[in-house]
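The values are calculated or read from the model by the stated rules, or taken from the named source; none is laboratory data. Note that the coordinates shown come from a computational prediction; the quantities given were computed from them, not determined experimentally. Counting neighbours? That spans all protein chains shown, and the Cβs are built from the backbone with ideal geometry, glycine included. The accessibility values were calculated without ligands, DNA or RNA, using every heavy atom of the protein model including side chains. Shrake-Rupley method; radii C 1.70, N 1.55, O 1.52, S 1.80 Å.
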Amino acid sequence: MERFFKRKRQDDFSSPSEPIVEAIKNQPQIEVELHLNDIVGDPGKRKPIEEFNVAIRDRVRREYLNKGPCQPIGHKNRKKKYGIQERSFQDVWFKKYTWLEYSVSNDAAFCFWCYIFKKSDKGSRQSDDAFTKTGCSNWKNALERFNFHVGAVNNCHNNARIQLEAFQDQRNSVASILRSNTREKEVAYRVRLTTSLNVTRFLLKQGLSFRGHDESSDSSNRGNFLELLLWFSLLNDDVSKTLGINAPGNNQMYSPSIQKDLANACASEVTLAIVNDIGDKVFTLLVDEARDVSLKEQMRVVLRYLNNEGCVIERFIGIVHVTDTTSHSLKCAIDDLLVNHNLSLSKVRSQGYDGASNMRGEFNGLKSLILQENPYAMYIHCFSHQLQLIIVAVAKGIRVVKDLFTYVSMIVNMAGASCKRKDQLRQLQHERLVEQLDVVEVITGRVKNQETSLVRPGDTRWGTHYFTLLRLCSMWSSVEKVLAVVRDDAITRDNRSTTAGLIEMMDNYEFVFTLHLMRHLLGITNELSIALQRKIKILFKP
């Protein structure tokens with residue numbers, strides 16, 4: 001987190017590097033929010049710095065400096081023909097030219113320093129657009145172009161380097177030294193930042209919300225972040241001396257924007273640790289997409305790889321909002337996500353998705369698009385998912401089995417439709433277990449004959465159907481008694497006839513036989529499904 005401490009100190013103690021006209025100073029300032037989607041890793045898709053609002057240009061520069069230059073190692077670069085020879089971009093150039101970037105989408109080289117600070121030289125000549133906008137793609141004379149771009153001492157490239165170094169070392173600048181920020185103020189600032197960061201880490205680890213409904217000073221519950229920060233200050237005198245009324249009014253370190261910055265910094269550090277752990281290893285790409293509560297299509301990406309100890313590791317790398325779920329859009333989103341983390345699609349050795357047509361289509365599916373670029377990315381459909389699809393297809397094709405689960409769902413819903421019926425069912429089952437314990441028909445113990453209830457089957461996971469049948473068989477007599485009570489207390493004729501029909505169905509031989517048969521078959525498939533989803537801790541030891 002040291003980069004974040006440095007960045008926040010610069011935000012609070014340094015002056016903006018952009019010149020501000022005196023007339024603008026007197027105008028009321030409008031807060032401009034920086035969206036993380038505007039920070040693009042691929043240099044060929046970036047928006048120029050000068051197109052950002054002047055109020056957030058320094059923040060944009062810091063975000064790009066924290067991310068670093070885009071240098072995807074191991075990418076299978078496209079080759080161009082120059083007569084009888086073929087040339088392409090070489091990864092070894094990254095070691096010689098630290099400012100060099102490579103755009104996978106444009107197949108071109110860019111200058112990271114000139115993008116951050118595009119300045120003119122003493123002759124008022126602007127930086128070369130080939131390394132900031134269009135990109136350099138002449139691989140035959142690439143080294144000559146790179147050396148020419150570096151040029152003399154006072155050219156545009158070196159001016160950008162000087163500006164970048166001064167920007168990174170603002171604490172030692174003349175403006176910073178002339179300020180009257182004492183050592184005590186900086187220590188207090190660090191205590192506030194560390195405390196807010198610890199609270200953020202706790203909330204993120206527990207998956208809790210930050211904001212509250214009413215965060216005013218007279219509110220009884222100001223939200224998890226503020227309440228936990230207050231509790232922390234009550235336990236630590238050093239922290240309480242730097243928070244609240246003891247802190248400057250513009251440096252409280254618990255505003256909503258600070259909370260977002262802290263959460264983003266934690267996410268960046270976790271993602272960086274995952275990427276560093278992968279290194280130059282090959283990995284598996286696991287992708288799934290679904291709608292969230294705001295009806296936006298979100299694509300989740302998980303990487304699976306072997307660490308240095310030989311353990312199979314699965315790490316969630318990020319969520320990407322996609323405007324549509326076509327295979328081309330998903331492919332572009334995956335490319336951008338991998339480039340943002342300096343990962344290459346050429347390192348993918350397998351890909352796993354669901355069975356949708358846009359994913360596993362033979363011609364235009366996401367699987368096919370990736371295979372066209374990387375023939376070693378073998379597609380694997382989850383075996384447990386295939387098993388569930390087969391069970392669903394077979395069950396729907398047999399009328400007796402389909403009717404069984406229809407009636408089972410009706411029985412479960414009728415027996416647990418209200419809290420009163422659930423309490424009756426729970427009490428009847430308790431009395432039955434007490435009677436069985438008295439005659440030693442059942443025994444007690446860990447996870448044996450504990451208080452339980454009926455489970456409603458789910459449409460997407462057929463493992464829940466197996467547990468529904470198990471619970472129904474173990475509570476059979478209690479369920480029948482509850483249905484009998486519902487039938488006797490029914491007000492309308494329809495409810496009475498429906499409940500009576502369910503009781504009659506539970507006494508039907510064909511229904512009971514099919515139920516026990518499916519319980520036996522689903523027990524076998526459930527064990528197989530669990531085995532297919534079991535994690536492999538160690539594949540091999542190097």
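Kindly list the number of the only condition in (1) at pLDDT below 85; (2) assigned to a loop (DSSP other than H, G, I, E, B) that fails for Ser176.
(2)
Scan the range 411-424 and report the pairs whose first residue is open to solvent by 60 Å² or more (accessible area, probe 1.4 Å) and whose second residue is in a loop (DSSP other than H, G, I, E, B) and of a type outside the set (Asp, Glu), with Cβ atoms within less than 7 Å and a gap of 6+ or a chain change.
Pairs found: Lys422/Gly416; Lys422/Ser453.
Determine, yes or no, whether Thr195 is farther than 30 Å from Gly249 by Cβ, β-branched (Val, Ile, Thr) and either modelled with pLDDT of 80 or more or in a helix (DSSP H, G or I) (or both).
Numbers: farther than 30 Å from Gly249 by Cβ: no; β-branched (Val, Ile, Thr): yes; either modelled with pLDDT of 80 or more or in a helix (DSSP H, G or I) (or both): yes.
For Thr195, the condition - farther than 30 Å from Gly249 by Cβ, β-branched (Val, Ile, Thr) and either modelled with pLDDT of 80 or more or in a helix (DSSP H, G or I) (or both) - is not met.
Any chance you could count how many residues in the range 238-268 are among the small types (Gly, Ala, Ser), farther than 23 Å from Ser209 by Cα and open to solvent by 30 Å² or more (accessible area, probe 1.4 Å)?
Within the range 238-268, the first condition is being among the small types (Gly, Ala, Ser), and the residues that meet it are 240, 244, 247, 249, 255, 257, 263, 265, 267-268.
Checking which are farther than 23 Å from Ser209 by Cα leaves us with 240, 247, 249.
From what's left, open to solvent by 30 Å² or more (accessible area, probe 1.4 Å): 240, 249.
The total comes to 2.
For Leu338, state whether it is crowded, with 18+ Cβ neighbours inside 10 Å, within 15 Å of the chain's Cα centre (by Cα) and assigned to a strand (DSSP E or B). Give the steps one after another, and end with the answer.
Numbers: crowded, with 18+ Cβ neighbours inside 10 Å: yes; within 15 Å of the chain's Cα centre (by Cα): yes; assigned to a strand (DSSP E or B): no.
No: the conditions fail for Leu338.
Which numbered condition in (1) more than 30 Å from Leu226 (Cβ to Cβ); (2) outside any strand (DSSP E or B); (3) of a type in the set (D, E, K, R); (4) touching a residue at least 60 places away in the same chain (Cβ under 8 Å) is the only one that Asp277 fails?
Just one mismatch for Asp277, condition (4).
Looking at the range 47-72, which of its residues are of a type in the set (Asp, Glu), open to solvent by less than 40 Å² (accessible area, probe 1.4 Å) and under 23 Å from Thr134 (Cβ atoms)?
Scanning the range 47-72 gives no hits.
State whether the residues of the range 206-213 include one that is modelled with pLDDT of 90 or more, touching a Pro at 6+ places or on another chain (Cβ under 9 Å) and open to solvent by 60 Å² or more (accessible area, probe 1.4 Å).
Yes, there is a match, as at least one residue in the range 206-213 is modelled with pLDDT of 90 or more, touching a Pro at 6+ places or on another chain (Cβ under 9 Å) and open to solvent by 60 Å² or more (accessible area, probe 1.4 Å).
Looking only at helices (runs of 4 or more DSSP H) that lie completely in the range 356-422, which have at least 1 residues being modelled with pLDDT of 85 or more?
Values: elements: 357-360, 366-373, 383-397, 399-415.
Hits in the range 356-422: 366-373, 383-397, 399-415.
Hey, can you tell me all the residues within the range 465-507 that are of a type in the set (Ser, Thr, Tyr) and closer than 21 Å to Gln436 by Cβ?
Ser474, Ser477, Ser478, listed by residue number.
Would you mention how many residues in the range 122-164 are of a type in the set (Asp, Glu) and either modelled with pLDDT under 85 or touching an Asp or Glu at 6+ places or on another chain (Cβ under 9 Å) (or both)? If you could, list the steps in order and put the result at the bottom.
Narrowing the range 122-164 to residues of a type in the set (Asp, Glu): 128-129, 144.
Of the ones still in play, those that are also either modelled with pLDDT under 85 or touching an Asp or Glu at 6+ places or on another chain (Cβ under 9 Å) (or both) are 128-129.
Of the residues in that region, 2 qualify.
Taking the condition of being at pLDDT 85 or above, of a type outside the set (Asp, Glu) and under 16 Å from Tyr407 (Cα atoms), how many residues in the range 485-533 meet it?
20
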